[in-house]
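Engineer: Take this structure, written in structure tokens, and hold onto it; I'll ask about it next.
The values are calculated or read from the model by the stated rules, or taken from the named source; none is laboratory data. Quick caveat: nothing in here was measured; it's all calculated off a predicted structure. With ideal geometry, Cβ positions are generated from the backbone for all residues, glycine too; neighbour counts draw on all protein chains shown. Accessible surface is based on the protein model in full, side chains and every heavy atom, while ligands, DNA and RNA are left aside. Shrake-Rupley method; radii C 1.70, N 1.55, O 1.52, S 1.80 Å.
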Amino acid sequence: MELTTTVWTAATYQEFLQDLRDLGDDHFRDRSAKIVATERPLLGIPMKTLRSLGVAISQGMPHDFLAVAGTEYYEAVIIQGYVLSRLPLDVAYFTKLCDAYISKAENWSVCDMVIHFNQVKAFRAEFLTVIQRYLQSDNPWFQRTGLVFLLKFYLTPEFTEVALQLAVSVVSTNYYVQMGQAWLLAAAFPNQQATIYHLLRTEFSLPVVQRTVQKIKSLRHTTTNEKASLTALLAEKRTEAKRRGGQA
């Protein structure tokens, strides 16, 4: 199909799905299945190819595509993320499309596609209310998405303090939400060390502290002294949790 000129209907979308099936690779699918725990069928198409398809669709009739696109395959949802990432939108319309996209999430990879949603840079302050709504959701994928938005677009001089406060507000036992918190804290660590040490000691559960310490220590720029301080902090947190008889 020539995606830049396709008129999107239910019929042409089915043709597109057949093209996706033809692009699938069994070996790549098996490898991807070990990384992405999706409930949807995996075709096995590299992200580079999915990105190219999304770019081509965005150059044609992207809004019509998004209106008919479904959740038949993991790759079909990822392509929608790439399409959405390339649309010049105001905050209200972007929020509507973003809500619709994240409602399809059932794995971390769909959530993390929002690192490409550079539209947010044009309305960071206004979009914070949307992020707060995501973080307050009972849906862990909305929570994960909110944290990824903060990580990617809000660790700036103007918004870092707010981003960290919002990260503290999330209380979840979900692994992928906790990893979102750890990823955010690790990204903020180089420029906010004193704050991050304080938050880890006083605001986060042991599992989040463990994941954060592990993430920061794995970063290339973390020094030997910083690793030692983090190890000591984690030991303190474990002792505290043991004394309390849990992992609070």
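Engineer: Looking only at the range 81-111, how many residues end up being in a loop (DSSP other than H, G, I, E, B) and among the small types (Gly, Ala, Ser)? Give the steps one after another, and end with the answer.
Structural biologist: Kept after step one, since they are in a loop (DSSP other than H, G, I, E, B), are these residues of the range 81-111: 86-90, 103-107.
With among the small types (Gly, Ala, Ser) added as a condition, the list becomes 103, 105.
Of the residues in the range 81-111, 2 are in a loop (DSSP other than H, G, I, E, B) and among the small types (Gly, Ala, Ser).
Engineer: Being polar (S, T, N, Q) and under 24 Å from TYR175 (Cα atoms) is the filter here; which residues of the range 13-45 pass it?
Structural biologist: Listed by number, the residues that qualify are SER32, THR38.
Engineer: Among the residues of the range 123-140, are any of a type outside the set (Phe, Trp, Tyr), under 13 Å from the mean Cα position of the chain (by Cα) and open to solvent by 20 Å² or more (accessible area, probe 1.4 Å)?
Structural biologist: Yes, that holds for at least one residue.
Engineer: Filter the range 17-67 down to the residues that are within 21 Å of THR4 (Cβ to Cβ), among the hydrophobic types (A, V, I, L, M, F, W, C), part of a helix (DSSP H, G or I) and open to solvent by 50 Å² or more (accessible area, probe 1.4 Å) and list them by number.
Structural biologist: Matches in the range 17-67: LEU23, MET47, ALA67.
Engineer: Just one of the numbered conditions (1) touching a helix residue (DSSP H, G or I) at 6+ places or on another chain (Cβ under 8 Å); (2) of a type in the set (A, V, I, L, M); (3) at pLDDT below 95 is not true of ALA33; which one?
Structural biologist: (1)
Engineer: Given the residues THR160, THR222, THR145, THR156, which is the only one that is open to solvent by less than 40 Å² (accessible area, probe 1.4 Å) and touching a residue at least 40 places away in the same chain (Cβ under 8 Å)?
Structural biologist: Criteria check complete, one pass: THR145.
Engineer: Having 2 or more residues that are closer than 19 Å to LEU150 by Cα and polar (S, T, N, Q) is the bar; report the helices (runs of 4 or more DSSP H) wholly within the range 170-227 that clear it.
Structural biologist: Hits in the range 170-227: 175-188, 193-202.
Engineer: Scan (1) more than 16 Å from the chain's Cα centre (by Cα); (2) open to solvent by less than 40 Å² (accessible area, probe 1.4 Å) for the single condition SER169 breaks and write down its number.
Structural biologist: Here SER169 meets the rest and fails (2).
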